[in-house]
Amino acid sequence: MGAEIPVLTIDGPGGSGKGTISALVAQKLGWHLLDSGALYRLVALGAQKQGLALDDEAALGDYARDLDVKFELVPGSTEVRTLLAGEDVGRQIRTEACGNAASQVAALPAVREALHQRQLDFRQPPGLVADGRDMGTAIFPDAGAKIFLTASVEERAQRRYKQLKEKGISVNLADLQKEIAQRDARDSQRRVSPLRPAEDAVLLDTSEMDIETVLNEVLDICRQRFAGVLSTS
Ligand code: C5P
């Protein structure tokens, strides 16, 4: 899609608040939202349903290339339904097990390559908020604004724990913290598109910030960087 369509990238580790902030900013600006983590989660879930091994790079690459996914807005709400081959898998992809499996398939170059164009296709007018690990470094290096959100492992584990509990998914906090640290290590140390801030990203440590404060900081950055396109909103 055209490079003239504005993009805001929000990268960072799990639990840094990027999912929540990205959704709020997209809503506020009236822009599209790319939850790239969901794509990796969908590949992991679908591959497991098909009985594919999580290290079978060639098979996973083919599967990712043909991934039959639809994100459908539930009429009359802001809720998005995630359909994998027609099945609503919104809840299944949010488990920690699926997140960990996603992190394994995400380390495979063939899978990343297969999902590259699909992510670019989300760049549609009037603009895109792209949430992930490599949005600012690999997928949209020309983005008009790049943000990298971080928070301590302890704080991120607490947040995830609360989120999962609200969804009725029960987990052990200590195990969760260990899994988050392992996932961080895998995501940061992988050979292709590791988790790291783009050189021109604004770094925000959200450990001590509430959602509203982070949202306001991000919106301030958008107003500065996208002054021309946001002048009417
Ligand atoms: O953000 P989320 O927790 O949904 O991402 C799940 C996993 O997908 C991450 O741990 C990471 O390994 C992978 N991912 C990625 N690149 C992205 C988004 C997610 O490698 N842009």
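The values are calculated or read from the model by the stated rules, or taken from the named source; none is laboratory data. Everything quoted here is computed from the prediction, not taken from an experiment. So basically every Cβ, Gly included, is an ideal-geometry build from the backbone, and we count neighbours across all protein chains shown. Surface accessibility is based on the protein's heavy atoms, side chains included, excluding ligands, DNA and RNA. Shrake-Rupley method; radii C 1.70, N 1.55, O 1.52, S 1.80 Å.
Expressed in units of 2.2 N^0.38 Å, where N is the residue count, the Cα radius of gyration of region 7-218 is 0.96. What the phi angles of region 196-211 give under the Karplus curve with 6.51, -1.76 and 1.60, with θ = phi - 60°, is a coupling list of 6, x, 5, 4, 9, 8, 8, 8, 10, 8, 9, 3, 9, 10, 8, 4 Hz, glycine and proline written as x. Applied to region 58-70, the Karplus parametrisation 6.51 cos²θ - 1.76 cosθ + 1.60 on θ = phi - 60° returns per-residue 3J(HN,Hα) values of 5, 5, 5, x, 4, 4, 5, 5, 9, 3, 9, 10, 10 Hz, with x for Gly and Pro. Applying D = kT/(6 pi eta Rh) to region 1-69, where Rh is the Kirkwood radius over alpha-carbon pairs, T corresponds to 10 °C and eta to 1.306 mPa s, the Stokes-Einstein value obtained is 112 µm²/s. Ordered from highest to lowest accessible area with the whole protein assembly present and a 1.4 Å probe, 87, 199, 166 read as 199, 166, 87.
Rolling a 1.4 Å probe over the protein chains gives residue 88 an accessible area of about 80 Å². Each part reduced to its alpha carbon centroid, region 1-61 and region 74-113 end up 8 Å apart. 3J(HN,Hα) along region 102-107, derived from phi through the Karplus expression 6.51 cos²θ - 1.76 cosθ + 1.60 where θ = phi - 60°, amounts to 4, 5, 6, 6, 5, 7 Hz, with x in place of Gly and Pro. Averaging the Cα positions of each part gives two centres, and for region 116-170 and region 196-233 these lie 13 Å apart.
Which value in deg cm²/dmol, rounded to the nearest 500, describes the helix-derived mean residue ellipticity at 222 nm for the chain, given -39,500 (n - 2.57) per DSSP H run of n ≥ 4 and division by the residue count? -14000 deg cm²/dmol, from helical runs alone. Taking amide H as placed 1.01 Å from N in the peptide plane, the amide H of residue 202 sits under 5 Å from that of 146, 147, 148, each at least 5 places away or on another chain. Around the amide H of residue 33, modelled in the peptide plane, lie the amide H atoms of 129, all under 5 Å away and 5 or more residues distant in sequence or on another chain. The charge dipole of the chain, taken about its Cα centre with unit charges on the Cβ of Lys, Arg, Asp and Glu (plus for the first two, minus for the last two), comes to roughly 220 debye. The accessible surface of the chain, taken with every protein chain in place and a 1.4 Å probe, is 50 percent carbon and sulfur. The trypsin sites (Lys or Arg not before Pro) of region 99-188 that meet both conditions, a loop assignment by DSSP and at most 13 other Cβ atoms within 10 Å of the site Cβ, are 167. Bridging of residue 49 to lysines at a Cα separation below 30 Å is possible for 18, 70, 162, 165, 167, 178, once same-chain residues fewer than 8 apart are set aside. Extension gain, residue 56 to residue 120: 0.36 nm times the residue separation minus the Cα-Cα distance gives 20.5 nm.
Entry comment: accessible area of the chain is 49 Å² per residue, from protein heavy atoms only and a probe of 1.4 Å. Positive contributions from Lys and Arg (+1) and negative ones from Asp and Glu (-1), summed over other residues with Cβ under 10 Å from the Cβ of residue 92, come out at +2. Between 18, 49, 28, the Gaussian network model of the chain with springs among Cα atoms under 10 angstrom shows the greatest mean-square fluctuation at 49. Around the amide H of residue 152, modelled in the peptide plane, lie the amide H atoms of 207, all under 5 Å away and 5 or more residues distant in sequence or on another chain.
Computed over neighbours whose Cβ is under 13 Å from that of residue 145, the net charge equals -2, Lys and Arg +1, Asp and Glu -1.
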